[in-house]
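S.K.: Can you read through this structure? Questions will come right after.
Readers should treat all values here as calculations from the given coordinates under stated rules, not as data from a laboratory. Quick caveat: nothing in here was measured; it's all calculated off a predicted structure. Note: ideal-geometry Cβ built from the backbone for every residue, glycine included; neighbour counts use all protein chains shown.
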Amino acid sequence: MEWVIVKYIETIASQFCQGFPIHFIQKFGSGNINDTYKVDLDTASETAYILQRINVNVFKKPELIIENMKTICGHIQKELRLNPQKHNGWKIPDIIPTTENKDYYIHSDGTFWRAITYIKNSRTYENLTKKNHASQIGYALGKFHALLNTLDNKLLHDTLPGFHILPDYYRAYQESKETTLRDLTESLTQYCINVIENREKYILVLENAKNKNILFERPVHGDPKIANILFDQQTELAIGLIDLDTVKPGLIHYDIGDCIRSSCNLLGEDAEDFDAVQFDTVVCDNILKSYLDQTQDFLTPEDQSFLYEAIHLITFEMGVRFFEDFLAGDQYYKVAHDNHNLFRAVVQFKLLESIEGQETVIRKIVADNINVKG
């Protein structure tokens, strides 16, 4: 980081240091929305914490994120105390107050900052590079859903209205397509348009099921990709989920679909060889086995019957969102180059085609795992 940026971040970080001097600050993680830093303090206990600038262009009411996180962490910590053996090793971060005992800090330039505890001896992975992690990924999301299943949805704010609502993203895509300055005749752009418009019939599947009370909302993570799952550095076991900004009421199908989508694309969201992108059914099988182990007590037969649709539609959704952001001028996701969101969209649509090509296999994986748990 440049010197000016370092001094600026140090000024922010000092608001959460509780009087301890700062030893070192470094960029942390690879989130597409917020800016994240790890702050090491100069203490005998080698204390560190995570500092984040919340993107207020995305989260219009960032204070609601803090309120949700207090609710979520308080509920999970209570569950852990009530049954420590069942949840042995599971971790959840705490909110760190400012020197003025506030839960967040607003800088004079209008930026919104918060700090949470750093969970020691943990790490994350950007992509699934070790296939034995698949069962741990399913376990982690299942554990998270199980821990929050007893939390009343009414206690949570909707921090991102419209989040994971595919019909809304499709309407945004149509508007951006009409007003974009991008070249719509370029081959990759036209490929994306064709993929989207040939699949209009799928757009309302999950939302219709919700509106008909076939599926219903529960507390969801919102972004349970592999990069947001914490692993113990020594045991390589999953010990928690991080990035809780998008926790809100929603269909758990978007969670399990997103978890599988991100994990079963072994080349990752920034794959350079589009034609090499494939959906790994072995990884899918291992994730579902472990996920259903944790959730079989509360998933309904109706929930289970839409698991393939969850995998299929979240992949479609992510492609639409990346492509719409490309058309809109890259307003939502951080980009490294001019075509970054276009390339991300192509990767998702190639993954979508791989899922569709293996629909029979994936549906059998779902059915076999449901029958085993049943």
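S.K.: Quick check: residue separation of residue 200 and residue 130 times 0.36 nm, minus the Cα distance between them. What number comes out in nm?
M.R.: Fully extending the segment from residue 200 to residue 130 adds 21.6 nm.
S.K.: Taking the Cβ of each residue in 173, 333 as the centre, tally the other Cβ atoms inside 10 Å and list the residues starting with the fewest.
M.R.: Starting with the residue having the fewest Cβ neighbours, the order is 333, 173.
S.K.: Which trypsin sites (Lys or Arg not before Pro) from the stretch 207-274 combine a DSSP loop assignment with at most 15 other Cβ atoms within 10 Å?
M.R.: The qualifying sites are 212.
S.K.: Which entries of 131/350; 130/364; 143/201 show an alpha-carbon separation above 29 angstrom in the structure shown?
M.R.: 143/201
S.K.: Whose amide H sits under 5 Å from the amide H of residue 248, counting only residues 5 or more places off or on another chain, with H placed in the peptide plane?
M.R.: Correct list: 220.
S.K.: So how do 112-118, 353-359 stack up, highest first, on mean other-Cβ count within 10 Å?
M.R.: 112-118, 353-359
S.K.: Could you work out which residue, out of 279, 316, 24, moves most in a Gaussian network model of the chain, that is, has the largest mean-square fluctuation with Cα springs under 10 Å?
M.R.: Sorting by GNM fluctuation, first place goes to 24.
S.K.: Using +1 on the beta carbon of Lys and Arg, -1 on that of Asp and Glu, and nothing else charged, what's the dipole of the chain about the Cα centre, debye to 20?
M.R.: So the dipole magnitude of the chain works out to roughly 1020 debye.
S.K.: Of 294, 15, 190, which has the largest mean-square fluctuation in a 10 Å C-alpha GNM of the chain?
M.R.: 190
S.K.: Among 284, 259, 17, what is the fewest-to-most ranking by other Cβ atoms within 10 Å?
M.R.: 17, 284, 259
S.K.: Turning to a different aspect of this structure: Residue farthest toward the positive end of the dipole of the chain, with Cβ of Lys/Arg at +1 and Asp/Glu at -1: which of 219, 192, 23?
M.R.: 219
S.K.: What is the magnitude of the charge dipole of the stretch 226-273 about its Cα centre, with +1 placed on the Cβ of each Lys and Arg, -1 on the Cβ of each Asp and Glu, and no other charges, expressed in debye to the nearest 20?
M.R.: 300 debye
S.K.: Next question. Using a Gaussian network for the chain with springs between C-alpha atoms less than 10 Å apart, which of these wobbles most: 59, 20, 274?
M.R.: 20
S.K.: Ranking 285, 168, 232 by Cβ neighbours within 10 Å, fewest first, what do you get?
M.R.: Ordered by Cβ neighbours within 10 Å, fewest first: 168, 232, 285.
S.K.: In nm, give the distance between the simple-model label positions of residue 149 and residue 67, each being 7 Å from the Cα along the Cα-to-Cβ direction.
M.R.: 2.8 nm
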